[in-house]
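Novice: Supplied in structure tokens, the structure appears directly below.
None of the figures in this text is laboratory data; all of them are computed from the coordinates on show. Note that the structure is a prediction, hence the values are computed from the model and not measured. Note that we place each Cβ from the backbone using ideal geometry, even for glycine, and neighbour counts take in every protein chain shown.
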């Protein structure tokens, strides 16, 4: 039996070859989009890397372990997996973009029901983001 660290998520590769190749393609595409997100302002990085990690968990234990353990990219993935952390900088940016989107929708939508239908989900997502922790919990040392 393979020895795993406690914090590493379980992975299970597909046995169907076409599905495996499809998931590998999704994984590498999302890694590419995540890397672009490092360079392009306002383009997310972590969400694409989370999707890539999931796709690799279904297709390649080797690529999954590489991404999860990566010295630069893996930290955010490990923080999310272990503690469901959204860093403060990412929260502020996400909430600002949600607010800007709500303002733009409010300026362009004439009907109040349409405004409510568009802004209510944004508010729910904003509330969810705001309630995620920003740092790992401090454990009392014995």
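Novice: Per the Kirkwood formula on distinct C-alpha pairs, the Rh of the stretch 88-131 is how many angstrom?
Specialist: 10.7
Novice: Another question, then. What nm value, rounded to one decimal, do you get for the distance between residue 108 and residue 69 when each label is placed 7 Å out toward the C-beta?
Specialist: Simple spin-label model gives 4.6 nm for this pair.
Novice: Given the DSSP H assignment, sum -39500 (n - 2.57) over each helix run of at least 4 residues in the chain and divide by its residue total; what's the result at 222 nm in deg cm²/dmol, nearest 500?
Specialist: The helix contribution divided over the chain gives -22500 deg cm²/dmol.
Novice: Next up: On a 0 to 90° scale, report how tilted helix 17-39 is relative to the longest principal axis of the chain, with both axes built from alpha carbons and the result rounded to the nearest 10.
Specialist: That helix lies at roughly 60 degrees to the long axis.
Novice: So, one more: Could you give the angle, 0 to 90 degrees to the nearest 10, between helix 112-131's Cα long axis and the longest principal axis of the Cα atoms of the chain?
Specialist: Result, in degrees: 40.
Novice: Below 8 Å between Cα atoms, with a sequence gap of 6+, how large is the relative contact order for the chain in percent?
Specialist: Relative contact order for the chain comes out at 21 percent.
Novice: According to a simple spin-label model (label point 7 Å from Cα along Cα-to-Cβ), what is the distance in nm between residue 100 and residue 136?
Specialist: 3.2
Novice: Among 22-32, 54-64, 39-49, how do they line up from the highest to the lowest mean number of other beta-carbon atoms within 10 Å?
Specialist: Those peptides, ordered most packed to least, come out 54-64, 22-32, 39-49.
Novice: While we're looking at this one, here's another question. How many percent of all Cα-Cα pairs in the chain sit more than 22 Å apart?
Specialist: Across the chain, Cα pairs with separations above 22 Å total 53 percent.
Novice: Helix 88-108 sits at what angle to the longest principal axis of the chain, using alpha carbons and giving 0 to 90 degrees rounded to 10?
Specialist: Roughly 40 degrees between the two axes.
Novice: Rounded to two decimals, what is the ratio between the C-alpha radius of gyration of the stretch 17-83 and 2.2 N^0.38 Å?
Specialist: Expressed relative to 2.2 N^0.38 Å, the Cα Rg reads 1.06.
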